[in-house]
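What follows is one structure encoded as structure tokens, with my remarks underneath.
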Amino acid sequence: MGAVDLVSVLRPAREGGTGVAAFNVIQLEHAEAYATAAEATGLPVVMQISENCVRYHGSLRPLALATLAIAEDCAQPVVVHLDHAVSVELVREALDLGITSVMYDGSTLPDEANRETTRQVAGWCAAAGASLEAELGEVGGKDGVHAPGARTDPADAARFVEDTGVDALAVAVGSSHAMTERTARLDEDLVAAIAAQVPVPLVLHGSSGVPDDGLVGAVRAGMTKINIATHLNSVFTQAMSARLADRPTVDTRAYLGAGRDAVAAEAERLLRLLALRP
């Protein structure tokens, strides 16, 4: 089907009161697993490449083009998304490569600078036929950059969307990045309050730390895009380690394949969960 923009996937989900899963691509096996899960469920998926991942690989182009190729061959809609980009140069490169969605993260900038730069990036994305996600209200966790107790003010979120023209907004409602235990409890009343005032789909970052019932509750309260990375990394690592412990091998395909298969199965389960399908 090919890569599609984020709005085309999120808008019908928001109108229907369902959620869309967004999973991080780190190795090619991740993208292959997510495409398999999307086809098994008949549901769209967002494949995200973070700026951290770009730094790990040394450049965006190889992994981005490979992920776009997998999206092209997938029978279901796939959004190929640049996640947590703080570099505007990287955003420009992503758009030039054909990436269909960008999350520009100016949350550490002074408020007016965040709004101005986000508004500029929104113009670039619109010109390229891509969607833009941004962040207002810090999401807790990773590297001590954000305060774990941060919460987004609904009225401020609505003003931010009006000021910048973004297509989706990541908000702080109680989750935290990089959690390895699923113990986070979200403020579902706050989710509903933000959703009532903000005219674009809402995005939940740090969803790996939220248990299944919390994810379903967030979707029912008005959250649309659900980002899950650390949890699937754990699934991959556990499957790979078990395969190596059971049958040691130097053939990387054997243990990476085990990780890929395990991630495909869990991604399929999560896609159904967030779409509110039993």
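Rule-based calculations on the coordinates, nothing more; no lab input. Predicted model, so just to flag it, every value in this text is computed and none were measured. Glycine gets a Cβ as well: all are built from the backbone with ideal geometry, and neighbour counts include every protein chain shown.
Projecting the Cα atoms of Pro62, Ala158, Pro211 onto the charge dipole of the chain, computed from C-beta unit charges around the Cα centre, puts Pro211 farthest toward the positive end.
Of all DSSP beta bridges in the stretch 6-275, what percent run antiparallel (nearest 5)? Within the stretch 6-275, antiparallel bridges account for around 5 percent of the total. About its Cα centre, the dipole of the stretch 6-275 is roughly 460 debye, where the only charges are +1 on Lys and Arg Cβ and -1 on Asp and Glu Cβ.
With the convex hull drawn over the C-alpha atoms of the chain, the volume per residue is 121 Å³. Note: relative contact order over the chain, using C-alpha pairs below 8 Å and six or more positions apart, is 21 percent.
For the stretch 66-101 versus the stretch 232-255, the spacing of their alpha-carbon centroids is 28 Å. Positive end of the charge dipole of the chain (Lys, Arg +1 and Asp, Glu -1 on Cβ, about the Cα centre): tell me which of Gln197, Phe23, Leu6 has its Cα farthest that way. Farthest towards the positive pole: Phe23.
Averaging 1/r across all pairs of distinct Cα atoms in the stretch 77-132 and inverting the result yields a Kirkwood radius of 11.2 Å. Could you give the angle, 0 to 90 degrees to the nearest 10, between helix 6-16's Cα long axis and the longest principal axis of the Cα atoms of the chain? Tilt relative to the chain: about 80 degrees.
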